[in-house]
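Data block below; observations after.
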Amino acid sequence: MLEYIIKGGKKVEGCIQVSGSKNASLPIIAATILNQGITTLYNVPNIHDTQMMFEILKKLGGKINKKANKIIIDTSKITEYVIPEELMSQMRSSVIIAGALLGKYKRATFSYPGGCDIGPRPIDLHLKAFEKLGINISKNYGKIECFCDKIIGEKIDFEFPSVGATENAILASCLAEGTTVITNAAREPEIIDLQNFLNKMGAKIQGAGSSKIEIEGVKKLKDVNYNIMPDRIEAGTFLCMAAMNSGNIILENANPEHIISVIDKLEETGCKIKTSKNQIELQGPKKLKAVDIKTMPYPGFPTDMQSIFAAMLTTAKGSSIIVENIFENRYKYTQELIRMGAKITVEGKSAIIKGVRRLYGAKVKATDLRGGAALIVAGISAKGTTTVENIEYVLRGYEKLDEKLKTLGIDIKMQKI
Ligand code: UD1
């Protein structure tokens, strides 16, 4: 087990490079299956979740060759269509491999992803989209077998704009006969990145970023090089760290367009923010003002920033109300923040945070990826030493986090227990 030991109270100052996006990398790595060839990816973050995706590809017959920031993926010899259960249970987003296998080979077998640390993660919308595309689905002893002779373009109307289900529908219909039209599609920037990647490969997709996406099936795709977009949640996390500590931070390789809702809220708290095409600079105020947030599908406030923002608001002036509309169980971390002196009351979807003067260092446990990040944000500003246990959760999504934090002047050490 790994833990971080953070000596709080240091000013957060400096410049860092934002890594490539986790949530864009995962579907793009899956999409390399469609090509049955060689894909070169740049800017894939070296984190647990991308490693798991590579493990799955290897089990299916793919080859991965890593050279620093460049990853060469060879999917020309995929011979397996079963996503191993142990890998499926370790990373729920591995369900995205199914769409790519179906798109290319018309078959895929996988297991239910099951419940998780932030609430149930059903896949009914993914399966409904597959069924709409004419794919047969049979469920046996927890295994889901999907198969068909061919995929024919269809209309898919999502009752909720699920990110993963939209990506799976795109992957399954890229090589279909005819055109697929997705309505009420998720509009996240990561879906635009997937569209850009697939179009570079030769797919004919338009509309990503809006709620209507059209995919005209093509016969074949080609080998490409592609640069993954920056991670907007990592960028938001660093901004909150600086904001909470009256710090001054410059983020490079960051796209401010992707986090407008987060930047707007940070400005409401009193932060001064300057942006240019690939850069965001934030100067935190002496004391943050409380703000209310409610999470919504993109372009609304991202659920993945909810816990991190909440941690930041624990020492703001006044009371903040947070409403979590996307996941059912995303407030576990609040119990840990309370151990550090925060005043938070959770009721159903809402959390009320009464700002306190300061937080105090304590031994706390990460309960999930973003909840863990929230504890690190809190520990950086707390008085005294904070130990964050179970940081394996955090390492699923943040690349070289302790190294990056050290360059910002933060006193942080990782240790094995
Ligand atoms: C993706 C992101 C995750 C982010 C989330 C919401 C990746 C790898 N992960 O997750 O970081 O928090 O978007 O922005 O990109 N739902 C159903 N049935 C389904 C699918 C989803 O009911 O078949 C529900 C979920 O339970 C949840 C909501 O829809 O309540 C949003 O889920 P979804 O947009 O699918 O999130 P993910 O793609 O899993």
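The values are calculated or read from the model by the stated rules, or taken from the named source; none is laboratory data. Everything numeric in this text was worked out from a predicted model, so none of it was measured. The protein model used for the area step is the full one, side chains on, heavy atoms only, and it has no ligands, DNA or RNA in it. Shrake-Rupley method; radii C 1.70, N 1.55, O 1.52, S 1.80 Å.
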Report task. Pop out the carbon and sulfur fraction of the accessible area of the stretch 22-227 as a percent, whole number, probe 1.4 Å. Result -> 48 percent
Report summary line: In order over the stretch 167-174: 3J(HN,Hα) from phi, Karplus 6.51/-1.76/1.60, θ = phi - 60°, whole Hz, x for each Gly or Pro, gives 5, 5, 5, 5, 4, 5, 9, 4
Report task. Taking only Cα atoms and a 10 Å spring cutoff, compute GNM fluctuations for the chain and point out the largest among F54, F160, F301. Result -> F160
Requested in this report: Springs between alpha-carbon atoms under 10 Å, Gaussian network over the chain: tell me which of Y112, Y226, Y398 tops the mean-square fluctuations.
Outcome: Y112
Requested in this report: Mind checking which aspartates and glutamates have their Cα closer than 15 Å to the Cα of K365? Skip sequence neighbours fewer than 8 apart in that chain.
Outcome: E3, D117, E336, E389, E392
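So what is the accessible area of the chain per residue, in Å², with the probe set to 1.4 Å? Each step should come with its number before you reach the end.
On the way: 16920 Å² over 417 residues.
So the chain comes to 41 Å² accessible per residue, rounded to a whole number.
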Query raised in the report: How long are the three semi-axes of the equivalent ellipsoid of the stretch 22-227, in whole Å, if each is the root of 5 times an eigenvalue of the C-alpha gyration tensor, listed from largest down?
Result: 22, 20, 17
**Report entry** Cα centroid separation - the stretch 162-203 against the stretch 254-309, whole Å
**Finding:** 28 Å
Requested in this report: Distance check, please: which entries in K265/K343; K59/K416; K332/K354; K22/K416; K70/K400; K22/K219 exceed 27 angstrom between their Cα atoms?
Outcome: K59/K416; K22/K219
**Report entry** Area accessible to solvent at E328, 1.4 Å probe radius, in Å²
**Finding:** 150 Å²
Requested in this report: Show the residues, 5+ positions off or on another chain, whose built amide H is closer than 5 Å to the amide H of G153.
Outcome: E177, G178, T179
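So what's the back-of-envelope 222 nm ellipticity for the chain, counting only DSSP H runs of four-plus at -39500 (n - 2.57) apiece and dividing by all residues, rounded to 500? Write down the numbers at each step before the final one.
Numbers: 14 runs with 133 residues, N = 417.
Calculated at 222 nm, the ellipticity per residue is -9000 deg cm²/dmol.
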Requested in this report: Quick one: work out the % antiparallel among DSSP beta bridges in the chain, nearest 5.
Outcome: 70 percent
Query raised in the report: When only Cα pairs under 8 Å and 6 or more residues apart are kept, what is the percent relative contact order across the stretch 22-227?
Result: 20 percent
Report task. Please state, to two decimals, what the Cα-based radius of gyration of the chain comes to when divided by 2.2 N^0.38 Å (N = residues). Result -> 0.98
Requested in this report: Return the aspartates and glutamates within reach of K200: Cα separation strictly under 18 angstrom, same-chain partners fewer than 8 residues apart disregarded; answer none if there are no such residues.
Outcome: D74, E167, E190, E214, E216, D223
